[in-house]
Amino acid sequence: MALEVRTDSDRATKALGEKLGRLLKSGDLVALTGALGAGKTCFTQGLAQGLGIKEAVTSPTFVLIKEYAGPISLYHFDAYRLNDPEEFLALGSAEYFAGTGVCVVEWADRVAETLPEDRIEVEIRYLPDNPEGRLIRLTGRGRRSQSVVEELKRGLRTGN
């Protein structure tokens with residue numbers, strides 16, 4: 001099950017992330033891919049708002065993982081600087097995936113083989129006709145993630 005959404009600004013990209021965040025539960029995983037500067041962290045900022053996190057979310061590129069406390073905790077990974085998937089495992093990623101929060105992995109394609117099968121894959125692409133616009137494709141892999149993407153799709157159709 002896949003959903004494609006076009007956004008025309010950072011604000012719209014964050015709003016989509018926030019809508020997704022409202023649907024997530026502990027144990028969910030969001031795997032983000034896209035070119036440098038495409039909006040992965042922007043999307044995550046909205047997702048954090050949807051989870052009820054008040055703290056400002058920033059890119060974890062240089063620290064590899066950031067933890068944010070809220071009604072549901074957020075564990076924000078960045079695999080960009082990792083040399084191989086083994087380094088990702090060495091961060092304790094498997095323990096986070098089995099934990100009590102939501103995990104978001106930027107540059108997830110670099111560590112895809114270490115990720116749980118049930119996940120929401122979010123690909124963010126630039127739109128050639130609009131420098132601020134993005135094409136965001138959300139794909140649910142696994143029963144739980146498919147149901148979340150389907151619920152998001154229904155909510156977008158009804159304006160929620």
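The values are calculated or read from the model by the stated rules, or taken from the named source; none is laboratory data. These numbers come from a predicted model, not from an experiment. Positions of Cβ are generated from backbone atoms using ideal geometry, with glycine treated the same way; all protein chains shown enter the neighbour counts. For accessibility, only protein heavy atoms count, side chains too; no ligands or nucleic acids. Shrake-Rupley method; radii C 1.70, N 1.55, O 1.52, S 1.80 Å.
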DSSP beta bridges in the chain [antiparallel fraction, %, rounded to 5]: 60 percent
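Over the chain, what percent of the accessible surface lies on carbon and sulfur atoms, probe 1.4 Å? Mind showing how you got there, number by number?
Details: 3850 of 7980 Å².
Carbon and sulfur together cover 48 percent of it.
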Quick one: helix 40-50 against the long Cα principal axis of the chain, what's the angle to the nearest 10°, folded into 0 to 90? 80 degrees
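What net charge is computed for the residues neighbouring residue 70, neighbours being all others with C-beta under 10 Å from the C-beta of residue 70, Lys and Arg scored +1, Asp and Glu -1?
Details: positive: 54; negative: 55.
Summing Lys/Arg as +1 and Asp/Glu as -1 gives 0.
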Just add up the charged neighbours of residue 129: K/R +1, D/E -1, any other residue whose Cβ is under 14 Å from the Cβ of residue 129. +1
Reach of residue 25 by Cα under 18 Å, taken over aspartates and glutamates that are not fewer than 8 positions away in the same chain: 67, 95, 117, 118, 121, 150, 151
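Quick one: accessible area per residue over region 1-149, 1.4 Å probe, rounded to a whole number of Å²? Let's see the in-between values first.
On the way: 7150 Å² over 149 residues.
On a per-residue basis, 48 Å².
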Can you pull the one-decimal nm distance between simple spin-label points at residue 117 and residue 154, each 7 Å off the Cα toward Cβ? 2.5 nm
Cα Rg, Dmax (largest Cα-Cα span) when computed across the chain, Å: 14.4, 43
Helix 10-23 sits off the longest principal axis of the Cα atoms of the chain, rounded to the nearest 10 on a 0 to 90 degree scale, by 70 degrees
List the relative contact order of region 1-156 as a percent without decimals, with contacts defined as Cα pairs under 8 Å and 6+ residues apart. 32 percent
Residues with amide H under 5 Å from that of residue 27, placed H, sequence gap 5 or more: 101, 102, 103
Between residue 59 and residue 109, what is the spin-label point distance in nm, taking each point 7 Å from the Cα along the Cα→C-beta axis? 1.7 nm
